[in-house]
Amino acid sequence: MNEYEQKLSRFISANNIDAQHLFFEDTCHSVEQAAKAANCAADDFIKSICMIDDKARLIVAIVKGEDRASTSRVGKALNIEPPRIATPEEIQEKTGYLCGGVPAFGFEAAFLIDPKVLEKETVYTGGGSPNSLLKIPTRLIHKINNGMIVRIRK
């Protein structure tokens, strides 16, 4: 385990989270790569899209793997100007995780969850690095990150 995966494992353990941390030789950076590594369907994945508002605050839009997050819908949901997509450097600085491995919780941010995510009982999310995943019930994601449930997909 690398330092990012260890950080997430410590968070999971400290908070008694019922999740399965999976590690792979191949990268899981994209949904397609993750589905191949985990030997499951792309429909089983969610993405944590990191955005930055005009006050440099982190917003995480959580959508199904096949969906795209809408910055205008995120802005409307938060009653702010549409945020911009965070750079890989900002993602690492603000989440503590590498781009391509960001989990759906475990750091300070405004979390928004698309309702389509909650249609699945269990999903895969970033496992802390581009080579790991977390298999977790969607109800736990919502409970942990206390995200606003609102349509944010395009």
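For the reader, a short list of remarks on this structure follows.
- List His29, His142, His21, ordered by accessible area with a 1.4 Å probe, largest first: His29, His142, His21
- Hypothetical label at Thr87: residues of segment 36-79 whose amide nitrogen lies under 17 Å (7 Å Cα-Cβ projection): 50-59
- Between the C-alpha center of segment 79-98 and that of segment 1-61 there is a gap of 15 Å.
- Accessible area of segment 1-146 divided out per residue, in Å², using a probe of 1.4 angstrom: 51 Å²
- Site pair Ile149 and Ser13 shows an inter-label distance of 3.3 nm when each label is modelled 7 Å from Cα along Cα→Cβ.
- Here the accessible area is traced with a 1.4 Å probe on the protein chains. For the chain, carbon and sulfur cover 46 percent of it.
- Highest average packing first - 56-62, 31-37, 9-15, Cβ atoms within 10 Å: 56-62, 31-37, 9-15
- Compactness index (Cα Rg / 2.2 N^0.38 Å), segment 47-154: 0.96
- When the square roots of the Cα gyration tensor eigenvalues are ordered a ≥ b ≥ c, the ratio a/c for segment 28-108 is 1.5 or more and a/b does not exceed b/c, which makes its shape oblate.
- Given their separation in residues at 0.36 nm each and the Cα-Cα distance between them, Asp43 and Asp26 gain 4.2 nm when the chain is fully extended.
- For the chain, the share of DSSP beta bridges that are antiparallel, to the nearest 5, is 75%.
- Taking all protein chains together, Tyr124, Tyr97 sort by accessible area into Tyr124, Tyr97, largest first [probe 1.4 Å].
- Across all directions, the shadow cast by the convex hull of segment 103-154 built on its C-alpha atoms averages 3.8 square nanometres.
- Straight-distance crosslink candidates among lysines, where the alpha carbon sits under 20 Å from Lys120 and sequence neighbours closer than 8 are dropped: Lys36, Lys47, Lys64, Lys135, Lys143, Lys154
The values are calculated or read from the model by the stated rules, or taken from the named source; none is laboratory data. Everything numeric in this text was worked out from a predicted model, so none of it was measured. Every residue, glycine among them, receives a Cβ derived from its backbone with ideal geometry; neighbour counts consider all protein chains shown. In case anyone asks, the SASA skips ligands and DNA or RNA and just uses the protein heavy atoms, side chains included. Shrake-Rupley method; radii C 1.70, N 1.55, O 1.52, S 1.80 Å.
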